[in-house]
Structure formats: structure tokens, C-alpha cells
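Here the structure is laid out as C-alpha cells; the discussion comes afterwards.
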Amino acid sequence: MNLPAVLRCCIFTSLVYLSAAAAAFAQVNPDQAAELLLNSARKAFNEKNYPFAVQRFKEFLGKHAGHKLANDARYGLALAQIEGPDKNFAEARDLLQVLASAKEFPDQPFAQYYLGIAWRGLGIQELMSAEAKPQEAPQRRQAAQQRFEQAVAPLTAAVAVFAKKVSAAPAADQMLPADLEWSARARCDLAEIQLRLQKPKDAQATAAPFVKDPVLSRSKYRDLGRYHFGFASFLIKDNAPAQKVLGLLAPFADPEFGLHARYLLARTHHLADERAEASHHYDGVLSEYAKQKAEAPKLLQQPQLFKNDPVIRARLEGLIRNPPPDHVARATFYLGVLQYEAGRFADAKRHFAEFPKHYPQSPLRLEADLRIGFCQVQLKEFGEAIKTLQPLIDRDPRLSDQVLFWIGKALTGAAPDPAANAAGHQQMLTNAVNVLRQAVERAGRLGNQDPDAATRRGEILLEIADLQQHLKQNRESAGVYAQLLNEKLLPDREEEITLRLAQALHLAGDYNESDKTCQRFHQKFAKSTLLPAALFTFAENSYFRIAQAEKNPPSPERAKVIAALQDETIKRCQSVVDKYPEYSKIQLARYTLGLTYYRKGDLNNAQKTLNPIPVADRSAELAATPYLIADCILRQTPSTVPDD
């Protein structure tokens, strides 16, 4: 670590000099004795013998509190408390608060910087206490946030003060001045604090110069700054710049943030449906972590390779002693998600089943169990899925709506064949709807706590509406589709839901409202691939009005109404047939048109319309096609044979 001049000076060069100084100690005056003591503290600090440095600095301050170099000793003590193995951030903070406001102190900018670092250290200690004492977690996390807030001002000041000390930007072929590097370093730490404070937009802005500024792009802290920029961009779902900048960090060799940067890059690819790239980087995270973990014991046996640096030693010991970091567990988890998304449900099921064995403390453990249930539903193991999912309902309020949603899907899949057991089929689907309603209520409870909860609530409501249609509860189904549109729960699926609403209203016999919905669809989604289906529903509405009108007692007025409806139906059906010959239900549209001509008595047009329907399609709803054609032919055949 680069240190300010006050700690780099006065390093003794030989044991001979030390021995001579010790021998002469009794003969020096008090000022000289004080400087010798201070220099011994500095030497210990520079050699990273922090406990001895703390002892010496404290001894100096105990004996020479009023000395002209007392502030230097206070500053050195504060840094030793921060850098040493026995961190004492509270004492460092108290010392640095005085020095950071002392304009006469030559290293005031450094004091401001390290004051921010001390506040950060206190915040991290509070987070560690929250993990160690779950019963105190809320208070500890709140205290941590307060400590991080306190770090912002001194770090912001340090960024500005160090940058101000540089009079001119260095030339492109020059190294950055030390003060500019310290400003860059403070900028990185400020961005980290802003991330900890859940202010990713601020962090992105703070770190942006490492991406955009040609000077800071040459800083030795460039990669750390870019990591913070990529992380912040990912958090605000600005994934394109996140992916671009994180990709610049390849081969992700930094031992502190390299693996996490690669994990974030994998996530950006995954969220962009670039699954091959995502899988490559997830695997890279896992293989590199395994490699580092395997090498850690060997390196610890050869401390000379890392100059016995206590920071490196602590990292290596952590690799051996600590569970895998969260991003490693998440990389493993999302590999299973990729398998699921690729339709490899059996592989994904095995993957998620193994997850808790490797990461028993992971916060994703419950979600892994939930994903097993997903896989079982997809594999049509409905009974097993229900057994897997039911114990999870109340385990975590954040997941309970998803658990109930997939139980509803499992119940739907487990319903008996309606041909063999109609009542059982009906009852099972009714049970599924009831469970899905519970899921809607659970998702609604989350409110603003989960930004994705509203979307999930919409998806569950859509599932309910579709089931209600299957149960022929068309009026209720239409109400749910209308709710989805009114509340804008699934804006990306508005076209699809609007069409389903039109179809549900049609099936409920509300042809007027269905017409209005079809017309609204035509106006809003004129280029939609679903437009033919909407126009066909529009035509069907008119056709079924004919059947309604025919139920009225015969009268001249009834005949006029039916004739007008027949003309309107022909117009609507003809539009579908003429404009959308590739529509999946084009033969049904042609059949409806032909049947309307037939009932109108226009047998010639009826025959012309029905003839093109392929023989292979003349079944089910179109089964009467050949009989209608035959009847048209017969009824158009002359009843008498000409004499000649």
C-alpha cells in the first residue's frame, strides 16, 4: 500500500545504526529521545509489524503528548489501528476526526481519507455483529448504515482535495501524480460506500470517470473503479454498459473483486438470454474459486512468495476456513437455472438437490428447494411436487406466493381426465383456483418490498383467468383479464390479455363488450400478429348475434335484423379470409362465412366459400362442410330437365 511521506520517512538502514542509537539513548536530549521513539514506531509500521507500531505510538503519546510531532504520532497510531490485525476503528476515528479538521496538519487530506475508511470499518463491524447476533440484526444493520453515511463526507472531501493539488493533467505518456492516484483511490472507496448505502446511481456516477475520463482511465485504481461502475450499473438494471465495462476486467485476476466481477458479467449475459456466455462465465467463477482454494494451503506454506503480507495471509486463510462467498454459491445456483431454462428439467432437479449440500448456509437454499418443485411440475411429477412445495409455504414470506403458484400448477396437472372423471377434474381445478387466489394475496402483501411481486401477481391472476375459462366460468375470467389490464400488471403482455378478454367476453355471450374490446385491439395493435384472432372474434360476435336474433318470434322486424346481421357477419368474415390466409383458424373463418351465406340463402357463394376448405380439415367443428357443399349443389340443380 502506498503511504504518505510521514510514514515512509526515517526508516533505519542498519542494525549497526540501531545498536548505536540504543547505546546513545541515555545521552540524547528529550526531543531527540522522542524522535527516536517515534521513528521506531514508524519503522515497525513500514515493516507491517502493526502491534509493535501501536505500542510504540502509544508510548510516544503517553510520554510526549505536547511534542511538535504529536499529531504525526496520532496519525501513525490511527493508521496502525486500521491496517493492523487487531482493528480498532473507533480509536482510529477519534484520532482522525481531530486531524482531519486541523488545517496546520500537513497530512490533513490523508487524515480525511482515512477518517472515511475508519467509518467504513465501523460499519462493516456492525454488519459482522448482525450476522453473529441475529437477535440484534435490525439494530446492528441500522447502525452500520449510519456509520457508512458518516464515511461519505470525508471521502468526498478527500477526492476533491487530492485532485485539487494536481495543477495540470499529466501527458498521455506520463504516470499519474501521486495526489491524483490518491484522489482515484478515494473515489473508489466512496463508490463502495455508496453501494453499501444502496445508492447505486450515486456509485455509478462516482465511478464513471474510470470509464469516460482519459486520465483516470490510466490510474492504477482503474480496474477497481470500473468494477464499482459495473456493479452499480448492474444493480440499477443498466445491463448493457455493465456488461461492456465488466468485460474489460478479463481475465478477472484481481484476488479481491475478480471473481465477483466475472459473476456479475455472467448475470448480465444471463439476463440478456445469452445463455452460452452466461454458462461460460458461471463455470469460470466456480473453476477459478476451486483453483484458489486448492492453492491456498500451498501458498501459506511458502509465505516468502507473498512476503508474508498479513492481508494476503488473511485472504488465504479465509479461503480455507470460510464457506464459499455468496457470488460463488449464486453462480452454482444460476447454472441450475440455465439448465431449467434450457428444458433440461431432470438435470436441473439434480443440480438443485445438490445445492444445499455444498452451500448449507446460503440464502438461496430455500429457493433451490422451490426450484426442485418447479422441475417436478415440468416433469409431470405432480404428486411429488406438491409434497416438495407444501412445507415451503410459510418458510419465507418473500417466496410464499411462488410456492402457492406452483402448487396450483401441480394441482392443475394432477387433475383426472375429464372423460373418465368429470366431477374429479372439476373439483381439482377448483382447488387449484383457490390455491392460486391465496398466491395472489401473498404477492399483494409484499407491496413495495419486492419490485417483482406485482409482475408475479399478474402472472398468477392470468393463470386463474385461464383456468376459469377452462371451467367455463367465462364471465369471471373476463373480470380477471380486465383487472390485469386496468392495473397494468403485465404491460409486456397487454396485446395477449386484451385478446383473451375479447374472447372471454364472447364466450360469456357479451358480444357488445367483446366488439368494443376487439375494436380497441385493432386501434392499439394494428400491426400485431394477434390481430387476425381479434378480427375473427369480432366476426364470431356478429355470427352469434344471428343465433340470438333467430330465437325471437318470427316478424318482419326480426327478418330485417337477421338480414342486417348476416350482411355484417359476411363483411367481417370476408375481411379475415381475404387479409389473413395464413391465420391458424382460417378454415374456421371460411366455414363461418360459408355457413352465413348458406343460411342467407346465397347458395352459390356458400359453395364457393366452402369448397377451398381442405378435405383433411373437414372434421370436428368443420365436419358438416361436405354436407353443406352437397346440399348447395343439390339445391342449385334444376328441378326439371330441358326438352332439348
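Write down the Å³ per residue value for the convex hull defined by the alpha carbon atoms of segment 227-353.
Spread over its residues, the Cα hull of segment 227-353 gives 111 Å³ apiece.
Beta carbons within 10 angstrom, averaged per residue: use that to sort the peptides 481-492, 586-597, highest first.
Values: 481-492: 16.0, 586-597: 23.1.
Top to bottom by mean Cβ count within 10 Å: 586-597, 481-492.
Cα to Cα, under 26 Å, and not fewer than 8 places away if on the same chain: which lysines meet these conditions relative to Lys387?
Lys387 reaches Lys349, Lys357, Lys409.
Whole Å is fine, so just give me how far the alpha carbon centre of segment 552-575 lies from that of segment 382-432.
Centre-to-centre distance over Cα atoms comes out at 46 Å.
In Å², and per residue, what accessible area does segment 266-377 have when probed at 1.4 Å with the other protein chains present?
Here the per-residue accessible area is 51 Å².
What are the extents of the Cα atoms of segment 455-539 along their three principal axes, listed from largest to smallest and rounded to whole Å?
Principal-axis extents of segment 455-539 (Cα, largest first): 29, 27, 18 Å.
Can you work out the accessible area per residue across segment 45-116, with the rest of the protein chains kept in place, probe 1.4 Å, in square angstrom?
Per residue, segment 45-116 has an accessible area of 44 Å².
Over segment 518-585, what percent of the accessible surface lies on carbon and sulfur atoms, probe 1.4 Å?
Ligands and nucleic acids excluded, carbon and sulfur reach 56 percent.
Would segment 49-127 count as rounded, prolate or oblate if I go by the C-alpha gyration tensor, calling it rounded below 1.5 in a/c and otherwise prolate when a/b exceeds b/c, oblate otherwise?
In terms of gyration-tensor shape, oblate.
Given the pairs Lys165/Lys199; Lys87/Lys291; Lys527/Lys585; Lys103/Lys165; Lys68/Lys103, which span a C-alpha to C-alpha distance of over 20 angstrom in this model?
Lys165/Lys199; Lys87/Lys291
Please report, as a whole percent, how much of the solvent-accessible surface of segment 250-382 comes from carbon and sulfur atoms (probe radius 1.4 Å). Spell out each step's value before the answer.
Working: 3580 of 6760 Å².
Looking at segment 250-382 in its full context, I get 53 percent from C and S.
Rounded to two decimal places and with Rh computed the Kirkwood way over Cα pairs, what is Rg over Rh for the chain?
1.19
Using the basic label-point model (7 angstrom from Cα toward the beta carbon), what is the Glu582 to Ala160 distance in nanometres?
The answer from the label model is 6.2 nm.
How far, in nm, would the chain grow between Ala153 and Glu354 when pulled straight, counting 0.36 nm per residue and subtracting the alpha carbon separation?
Numbers: separation 201, 0.36 × 201 = 72.36 nm, distance 4.60 nm.
Stretched fully, the Ala153-Glu354 segment lengthens by 67.8 nm.
Over 26 Å apart: what share of the alpha carbon pairs of segment 102-228 falls there, rounded to a whole percent?
28 percent
Do any trypsin sites (Lys or Arg not before Pro) in segment 262-308 lie in a DSSP loop with no more than 11 other beta carbon atoms within 10 Å, and if so, which?
When the trypsin sites (Lys or Arg not before Pro) of segment 262-308 are filtered for loop state and at most 11 Cβ neighbours within 10 Å, Lys307 remain.
In degrees between 0 and 90, to the nearest 10, how far off the longest principal axis of the chain does helix 556-579 point, with axes built from Cα atoms?
Tilt relative to the chain: about 50 degrees.
State, as an integer percentage, the relative contact order of segment 521-592 based on alpha-carbon contacts under 8 Å between residues 6 or more apart.
Relative contact order here is 33 percent.
Which distance in nm do the two modelled labels at Gln32 and Lys608 give, with both placed 7 Å along the Cα-to-Cβ direction?
Rounded to a tenth, the inter-label distance reads 12.3 nm.
Please calculate how many Å² of accessible area segment 500-615 carries per residue, with a 1.4 Å probe and no DNA, RNA or ligand atoms counted.
On a per-residue basis, 51 Å².
For each pair in Lys164/Lys212; Lys43/Lys164; Lys551/Lys600, compute the distance between the two Cα atoms and list the pairs where it is over 23 Å.
With Cα atoms farther than 23 Å apart: Lys43/Lys164.
Calculate, for Gln390 and Gln139, the FRET efficiency according to 1/(1 + (r/R0)^6) with r their C-beta to C-beta distance and R0 35 Å; round to the nearest 0.05.
Numbers: r = 35 Å, r/R0 = 1.00.
That pair, Gln390 with Gln139, gives E of 0.50.
How much FRET efficiency would the formula 1/(1 + (r/R0)^6) give for Asn421 and Lys380, where r is the Cβ-Cβ distance and R0 is 25 Å, rounded to 0.05?
That gives a FRET efficiency of 0.90.
Using a 7 Å offset from the Cα along the Cα-to-Cβ direction at both Glu131 and Leu530, what is the distance between the two label points in nm, to one decimal?
Calculated label separation equals 4.6 nm.
Where the accessible area of segment 595-644 is counted over protein heavy atoms with a 1.4 Å probe, how much of it, in %, is carbon and sulfur?
C and S fraction of accessible area: 54 percent.
Among 89-95, 528-534, how do they line up from the highest to the lowest mean number of other beta-carbon atoms within 10 Å?
89-95, 528-534
For the chain, what's the relative contact order in percent, using C-alpha pairs closer than 8 Å and at least 6 residues apart? Working shown, then result.
Details: 800 pairs, mean separation 24.8, N = 644.
Relative contact order comes out at 4 percent.
Hey, can you rank 622-629, 347-354 by average C-beta count inside 10 Å, highest first? The partial results should precede the final answer.
Values: 622-629: 16.5, 347-354: 19.4.
Most protected by this proxy first, the peptides run 347-354, 622-629.
Which aspartates and glutamates, if any, have their Cα less than 12 Å from the Cα of Lys560, not counting same-chain residues under 8 positions apart?
Glu550
The values are calculated or read from the model by the stated rules, or taken from the named source; none is laboratory data. On a predicted model such as this, the values are computed, not experimentally measured, just so you know. FYI the Cβ positions are ideal-geometry reconstructions off the backbone, even for glycines, and counts take in every protein chain you see. Keep in mind that these areas ignore ligands, DNA and RNA; they rest on the heavy atoms of the full protein, side chains included. Shrake-Rupley method; radii C 1.70, N 1.55, O 1.52, S 1.80 Å.
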